[in-house]
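The values are calculated or read from the model by the stated rules, or taken from the named source; none is laboratory data. Please read all numbers here as calculations on a predicted model, not as lab measurements. Neighbour counts are summed over all protein chains in view; Cβ atoms, including those assigned to glycine, are modelled from backbone coordinates with ideal geometry.
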Amino acid sequence: MSPTPRSNFLRTQIQADLDTGQTIKVVTRFPPEPNGYLHIGHAKSISVNFGLAEQFAGDCYLRFDDTNPEKESQEFIHSIQEDVRWLGYRWSGEVRYASSYFQQFYEWAIYLIDQQLAYVCDLSADEAREYRGSLTEPGRNSPSRDRSTEENRDLFERMRAGEFAEGARVLRAKIDMASPNINLRDPILYRIRRAHHHQTGDAWPIYPTYDFAHGQEDAIEGVTHSICTLEFEDHRPLYEWFINHLPVPHKPRQIEFARLNTSYTLTSKRLLKQLVDTGVVAGWDDPRMPTIAGLRRRGYPPQALRHFCEEVGTSRSDSTVDVAMLESAVRHQLNSEAPRAMCVLRPLKVIISNYQGEEHLWLPCHPNEPAMGMRSVPFSNTLYIDADDFREQANKKYKRLVIGKRVRLRGAYVIEAERCEVDPEGHIIAVHARLIDGTLGEDPADGFKPKGVIHWVSAATATSATIRLYDRLFTTPNPAQDDDVLTHVNPRSLEIIDDALIEPSLTSAMPEAVYQFEREGYFVADRYDFKEAAPVFNMTIGLRDTWGGDNA
């Protein structure tokens with residue numbers, strides 16, 4: 001179920017357009033470039049565009065702006081579609097591609113040439129930069145700017161035919177080289193690219209730029225509100241220039257909002273690719289990555305991401321949101337829906353001297369959700385607890401097992417530690433304890449209550465599992481502050497435990513199922529690596545924020 005929409009300037013504007021009759025049916029679009037995996041910032045854009053269409057009973061299209069084939073791939077197209085579906089959204093109609101409109105773009109470029117609003121330019125890339133000017137100085141007209149319409153059309157048609165070398169010529173709009181908005185200083189419409197395209201193959205030796213294609217795609221598709229992030233605000237005059245100077249079938253409206261930035265996170269595809277290419281992470285969907293695929297593999301629920309995007313709001317002011325807000329949304333969601341289970345990360349054997357045989361205890365799958373049912377947990381005289389839950393001696397603040405003291409085993413009996421075994425190196429290898437009779441679900445009759453509750457598994461039925469413990473990937477809130485983000489990588493962002501022990505019920509977990517491991521945190525069965533004979537769980541998030549003050 002989607003979170004309740006909150007009022008924001010986009011919803012107010014669209015409602016006004018509907019009320020005045022300027023818009024009859026709302027049409028939005030989510031137009032990613034298929035040159036990488038989507039990240040948490042894209043989740044915000046997805047929720048905005050699809051959410052507006054949902055709220056106003058309109059359509060939202062999924063369109064790939066595939067005008068740069070050298071950096072694009074079918075892998076990214078597939079992953080983006082998976083991400084949108086996983087977040088719970090459905091696009092209207094078929095998936096759309098900018099490349100489907102290449103012929104129309106080409107014809108509109110010819111139209112601009114015929115209107116003396118575009119010309120073929122021979123400047124090299126370095127020369128073009130020099131002629132472009134700066135923020136404080138106007139640009140200069142290209143020597144090619146005054147070519148005749150006939151010559152421009154001939155050269156452009158020959159560009160289309162593949163006669164010229166890559167980079168030899170470009171097609172530029174003829175606008176204003178003295179404009180204070182650099183985007184209007186005769187921007188490039190087409191480049192020569194000898195690149196194989198994942199949709200059109202080798203049919204085109206020239207490709208339109210994003211700025212030229214974007215608005216015309218919206219116009220072709222009947223988009224009413226082209227919702228972009230703030231970095232496109234300076235491009236809006238160019239967007240509108242094309243719309244106003246071409247015979248487009250529809251005039252969309254571009255509106256900008258602030259993109260989502262979160263602390264301890266990168267949202268640059270270039271920098272994320274660097275992490276992948278240098279082997280800092282195991283791929284685009286590494287659970288430490290802020291990609292949607294990575295968050296999914298880490299066990300973040302899609303409902304939590306949608307709730308987070310709604311809670312941070314939509315405005316026109318750039319800001320950075322504390323990532324703890326996202327983590328709190330994840331904890332809140334999982335606390336109510338994740339079944340409970342027991343996993344011992346660092347096993348320490350406990351031998352109960354006065355208990356024989358084995359029994360099956362029935363524990364609730366969730367303490368507050370009876371509908372989740374009960375699970376059978378074997379109990380025997382040889383158990384494993386976490387090594388951190390035992391000390392030979394401890395002060396009164398230590399609420400776990402100590403020699404001569406008592407604890408309750410979660411859902412089972414109260415035990416009292418009597419002695420421990422130590423190896424020649426001084427490491428504790430086993431604890432001997434006694435069971436306090438009559439304490440299954442009851443306090444001890446002698447009045448000496450246990451100091452705390454610890455989790456456990458039976459040695460006879462426990463299964464070995466691989467547990468991947470994750471921490472934040474970066475040690476600084478703003479890792480992109482320096483050119484070399486690798487200097488801010490957290491060296492302890494991943495710890496792999498190969499000999500953890502889990503209760504029997506966990507061996508039949510479904511991939512992507514999330515559990516609360518009692519007293520440890522939330523963990524997800526890895527969507528690719530989990531097998532019943534060799535379980536693998538990824539840590540989703542701890543029970544509380546260890547970086548700040550969140551005690552959710």
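Return the total of residues in segment 313-356 being surrounded by fewer than 18 Cβ atoms within 10 Å (Cβ to Cβ) and farther than 30 Å from residue 453 by Cα.
Qualifying residue count, segment 313-356: 8.
What residue, among those in segment 513-535 that are among the hydrophobic types (A, V, I, L, M, F, W, C) and in a loop (DSSP other than H, G, I, E, B), is farthest from the chain's Cα centre (by Cα)?
Initial filter on segment 513-535 (among the hydrophobic types (A, V, I, L, M, F, W, C)): 513-514, 517, 523-525, 530, 533-534.
Of the ones still in play, those that are also in a loop (DSSP other than H, G, I, E, B) are 513, 530, 533-534.
Working: 513: 18, 530: 21, 533: 30, 534: 27 Å.
Checking each candidate, the answer is 533.
Each row is one residue, and each column tells you yes or no for (1) part of a helix (DSSP H, G or I); (2) over 30 Å from residue 116 (Cβ atoms); (3) assigned by TED's automatic domain parsing to the domain that holds residue 324; (4) touching a Ser or Thr at 6+ places or on another chain (Cβ under 8 Å).
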residue	(1), (2), (3), (4)
233	yes, no, no, no
240	yes, no, no, no
247	no, no, no, no
265	no, yes, yes, no
273	yes, yes, yes, no
276	yes, yes, yes, no
279	no, yes, yes, no
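Among (1) farther than 28 Å from residue 507 by Cα; (2) surrounded by fewer than 17 Cβ atoms within 10 Å (Cβ to Cβ); (3) basic (Lys, Arg), where does residue 492 come up short?
All conditions are met except number (1).
Would you list the helices (runs of 4 or more DSSP H) that sit entirely within segment 58-132 and hold 2 or more residues that are crowded, with 18+ Cβ neighbours inside 10 Å and in contact with a Leu (Cβ under 8 Å, 6 or more places away or on another chain)? Even if it seems obvious, please write down each step before you answer.
Working: elements: 74-86, 102-114, 125-132.
Here the list reads 74-86, 102-114.
What number goes with the only condition from (1) closer than 20 Å to residue 300 by Cα; (2) touching a strand residue (DSSP E or B) at 6+ places or on another chain (Cβ under 6 Å) that residue 86 does not pass?
Residue 86 satisfies every listed condition except (2).
Mind telling me which of the residues 540, 461 ends up being among the hydroxyl-bearing types (Ser, Thr, Tyr) and under 28 Å from residue 281 (Cβ atoms)? Before you say what the answer is, go through the steps one by one.
Numbers: 461 fails: under 28 Å from residue 281 (Cβ atoms).
It is 540.
Identify, from the list 340, 346, 316, 306, the residue that is over 18 Å from the mean Cα position of the chain (by Cα) and closer than 30 Å to residue 13 by Cβ. Spell out the reasoning first.
Numbers: 340 fails: closer than 30 Å to residue 13 by Cβ; 346 fails: closer than 30 Å to residue 13 by Cβ; 306 fails: over 18 Å from the mean Cα position of the chain (by Cα).
None of the others qualify; the one that does is 316.
Residues to consider are 246, 275, 266; find the one that is in contact (Cβ under 8 Å) with a residue 24 or more places away in the chain, more than 21 Å from residue 46 (Cβ to Cβ) and under 28 Å from the mean Cα position of the chain (by Cα).
It is 275.
Considering only residues that are in contact (Cβ under 8 Å) with a residue 60 or more places away in the chain and not β-branched (Val, Ile, Thr), which ones fall in segment 74-91? Even if it seems obvious, please write down each step before you answer.
To start, the set of residues in segment 74-91 that are in contact (Cβ under 8 Å) with a residue 60 or more places away in the chain comprises 74, 77, 79, 82-83, 86-88, 91.
Hits for segment 74-91 are 74, 79, 82, 83, 86, 87, 88, 91.
Tell me which of these residue 186 doesn't satisfy, since it passes every other one: (1) surrounded by 19 or more Cβ atoms within 10 Å (Cβ to Cβ); (2) touching a residue at least 40 places away in the same chain (Cβ under 8 Å); (3) within 26 Å of residue 18 (Cα to Cα).
(3)
Enumerate the strands (runs of 3 or more DSSP E) found wholly within segment 398-494, keeping only those where 3 or more residues are outside the structural domain of residue 357 (by TED's automatic domain parsing). Break it down into steps so the answer makes sense when it comes.
Numbers: elements: 406-409, 414-422, 428-436, 463-470.
Result: 463-470.
It is to be established whether one or more residues within segment 347-356 are free of Cβ contacts under 8 Å to residues at least 60 places away in the same chain, assigned to a strand (DSSP E or B) and over 21 Å from residue 463 (Cβ atoms). It would help to see each step written out before you state the result.
Here is the first cut: in segment 347-356, the ones free of Cβ contacts under 8 Å to residues at least 60 places away in the same chain are 356.
Next, from what is left, pick out any that are assigned to a strand (DSSP E or B): none.
The answer is no, given that none of the residues of segment 347-356 is free of Cβ contacts under 8 Å to residues at least 60 places away in the same chain, assigned to a strand (DSSP E or B) and over 21 Å from residue 463 (Cβ atoms).
Hey, among the residues in segment 282-328 that are of a type in the set (D, E, K, R) and part of a loop (DSSP other than H, G, I, E, B), which one's nearest to residue 81 (Cα to Cα)?
Keep residues of segment 282-328 that are of a type in the set (D, E, K, R), which gives 285-286, 288, 296-298, 306, 310-311, 316, 318, 322, 327.
Narrowing the set further to residues that are part of a loop (DSSP other than H, G, I, E, B) leaves 285-286, 288, 316, 318, 322.
Values: 285: 14, 286: 18, 288: 21, 316: 28, 318: 27, 322: 28 Å.
In this case the residue turns out to be 285.
Report every pair of residues separated by at least 6 positions or lying on different chains whose Cβ atoms are under 8 Å apart, first residue within segment 389-413 and within 14 Å of residue 444 (Cβ to Cβ), second surrounded by fewer than 15 Cβ atoms within 10 Å (Cβ to Cβ) and of a type in the set (Phe, Trp, Tyr).
Every condition considered, the pairs that remain are 406/448.
State which residue pairs qualify: first residue under 22 Å from residue 204 (Cβ atoms) and inside segment 52-72, second residue among the aliphatic types (A, V, I, L, M) and surrounded by fewer than 20 Cβ atoms within 10 Å (Cβ to Cβ) in any location, beta carbons under 7 Å apart, and separation of 6 or more residues or different chains.
These pairs meet every condition: 64/77; 69/195; 70/195.
For segment 357-388, name all the residues that are loosely packed, with under 15 Cβ neighbours inside 10 Å and free of Cβ contacts under 8 Å to residues at least 40 places away in the same chain.
Matches in segment 357-388: 357, 359, 360, 362, 367, 368, 369, 370, 371, 373, 374.
Among the candidates 99, 47, single out the residue that is touching a residue at least 40 places away in the same chain (Cβ under 8 Å) and under 20 Å from the mean Cα position of the chain (by Cα). Spell out how you get there, then give the answer.
Details: 99 fails: under 20 Å from the mean Cα position of the chain (by Cα).
The unique qualifying residue is 47.
Return the residue satisfying two criteria in turn: it lies in segment 139-174 and is of a type outside the set (D, E, K, R) and within 39 Å of the chain's Cα centre (by Cα), and of such residues it is modelled with the lowest pLDDT.
Quick first cut of segment 139-174, residues of a type outside the set (D, E, K, R) only: 139, 141-144, 148-149, 152, 155-156, 159, 161-162, 164-165, 167-168, 170-171, 173.
From what is left, the residues that are within 39 Å of the chain's Cα centre (by Cα) are 167, 170-171, 173.
On the way: 167: 93, 170: 98, 171: 98, 173: 98.
Per the criteria, the residue is 167.
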